[in-house]
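Everything on this sheet refers to the single structure shown next.
The values are calculated or read from the model by the stated rules, or taken from the named source; none is laboratory data. As the structure is a computational prediction, the values presented were derived from the model and not from experiment. Quick reminder, even Gly has a Cβ in these numbers, built from the backbone with ideal geometry, and neighbours come from all protein chains shown. Surface areas here come from the heavy atoms of the whole protein model, side chains and all, with no ligands, DNA or RNA. Shrake-Rupley method; radii C 1.70, N 1.55, O 1.52, S 1.80 Å.
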Amino acid sequence: MPVEFIGYIGNHNASETIARSGPIIDRSHIAAAAAIHENGGFDRVLLAFHSTSPESILVSQYVASLTRRLKLMIAHRPGFTAPTLAARQLATLDHLTDGRIAVHIITGGNDQELAQDGDRLTKDERYARTNEYLDIVRKEWTSEKPFDYDGKYYQVAGAFSEVRPQGPEGVPIYFGGSSDAAIAVAGRHADIYAFWGETQAQAADTINRIRAAAKPYGRSPRFSLSLRPILAETEEAAWAKAERILARAKALRAGAGERLINVNVRDGSQQPANEGSRRLLDAAAQGARLDKRLWTEIAALTGASGNSTSLVGTPDQVAEALLDYYDLGVTTFLIRGFDPLEDAFQYGRDLIPLVRQLVAERDNAVPRVEAAE
């Protein structure tokens, strides 16, 4: 199976090691990132969502206007747009981009962030709402005649859309969330289940949970893993680079007045609300370097508040480590660096072609060994 690579386009140049400067929507940065990703051979880019950020669908329209081949993965949070309208928005953009969009459903595990948009539901209630939301979205995309829907969170009568995605299955739905409630919804709706860079053992467990949840619906979702590769010409230089990244991240947090903590890892206090972060912190509690070259220090530093684990080494070594996840069943890798533009360029030049070559050789040589059913 071909491997897919997803990059990341932020609204401005910033990361755990780079303080933002300039406008919140930096069109020059967005344009540069779009060009680097398209020219570097990425299949798709993520446009992120947060309750305080620029709107992801609108930013994706700008990126689409700057590119011709690059596909888009638009992070979208159910609950704030009517599902019928969201379905038509996405279907419209699908036509205007010649089928280049996908949607990444992020229900949200942080109660404080959700409250910023006026959402007071519990996490389990939010996932139940997401389930209804996606039921309606898919009906809008596929129904040949008006339909009714009578759920707890949504009720529609005679809903129908004249615009539908170009593909028969609609816009691809990526889905994130690691709680039991999230896994149940993912099994029903996810075309591609996306999770953060866990250990190989954790990844195998996650894949098996999703497959079990999808089986009653006769579905076989694909899997996407998010990582922050750190590359250098030698392994020693790569680990030295990782240490410099950690030092810069600590300095930036200290300069912003943020407390440098590993308390989540050391004593289990102040655990994050979302299960995905807790799983990364569980990995970090096992050590800073796991498996072949999984590095957890940034996850420990930041409380695993996002995609924060890395594979560290030469391009050959990191490609080999990615292949281990591929053998478990991961066919999509969402990779972004701590220097958004420079790292994306390096991935396109040194890592992506190598992984594609190794995957092709592996598929032609031996059957894949996937996580146990």
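All conditions in (1) over 21 Å from V171 (Cα atoms); (2) under 22 Å from the mean Cα position of the chain (by Cα); (3) surrounded by fewer than 19 Cβ atoms within 10 Å (Cβ to Cβ) hold for T81, with the sole exception of (1). Looking at region 307-317, which of its residues are in contact (Cβ under 8 Å) with a residue 60 or more places away in the chain and either open to solvent by 10 Å² or more (accessible area, probe 1.4 Å) or closer than 24 Å to N274 by Cα (or both)? Passing the criteria: N307, S308, T309, S310, L311, T314, P315, Q317. Quick check on my filter: what residues within region 127-156 are part of a loop (DSSP other than H, G, I, E, B), free of Cβ contacts under 8 Å to residues at least 24 places away in the same chain and either open to solvent by 20 Å² or more (accessible area, probe 1.4 Å) or in contact with a His (Cβ under 7 Å, 6 or more places away or on another chain) (or both)? If the condition is that a residue be part of a loop (DSSP other than H, G, I, E, B), free of Cβ contacts under 8 Å to residues at least 24 places away in the same chain and either open to solvent by 20 Å² or more (accessible area, probe 1.4 Å) or in contact with a His (Cβ under 7 Å, 6 or more places away or on another chain) (or both), then S143, E144, K145, P146 are the ones that fit.
Residues in region 1-31 that are open to solvent by 40 Å² or more (accessible area, probe 1.4 Å) and outside any loop (DSSP other than H, G, I, E, B): Y8, R27, S28.
Would you call F49 open to solvent by 30 Å² or more (accessible area, probe 1.4 Å) and either of a type in the set (S, T, Y) or more than 30 Å from A256 (Cα to Cα) (or both)?
Values: open to solvent by 30 Å² or more (accessible area, probe 1.4 Å): yes; either of a type in the set (S, T, Y) or more than 30 Å from A256 (Cα to Cα) (or both): no.
Against the criterion (open to solvent by 30 Å² or more (accessible area, probe 1.4 Å) and either of a type in the set (S, T, Y) or more than 30 Å from A256 (Cα to Cα) (or both)), F49 does not qualify.
Spot the failing condition for G79; the list is (1) part of a helix (DSSP H, G or I); (2) in contact (Cβ under 8 Å) with a residue 40 or more places away in the chain; (3) more than 26 Å from R349 (Cα to Cα), and only one is missed. For G79, the exception is condition (1). Restricting E275, E320 to those that are of a type in the set (D, E) and either touching a strand residue (DSSP E or B) at 6+ places or on another chain (Cβ under 6 Å) or touching a residue at least 60 places away in the same chain (Cβ under 8 Å) (or both) reduces the list to E275. Within region 329-359, the set of residues being open to solvent by 30 Å² or more (accessible area, probe 1.4 Å) and either in contact (Cβ under 8 Å) with a residue 24 or more places away in the chain or within 15 Å of V3 (Cα to Cα) (or both) comprises R336, D339, L341, F345, Q346, R349, D350, P353, L354, R356, Q357, L358.
Within region 162-183, being more than 16 Å from G108 (Cβ to Cβ) and surrounded by 18 or more Cβ atoms within 10 Å (Cβ to Cβ) holds for R164, P165, G170, V171, P172, I173. Against the numbered list (1) aliphatic (A, V, I, L, M); (2) more than 17 Å from G276 (Cβ to Cβ); (3) surrounded by 23 or more Cβ atoms within 10 Å (Cβ to Cβ), A159 comes up short only at (3).
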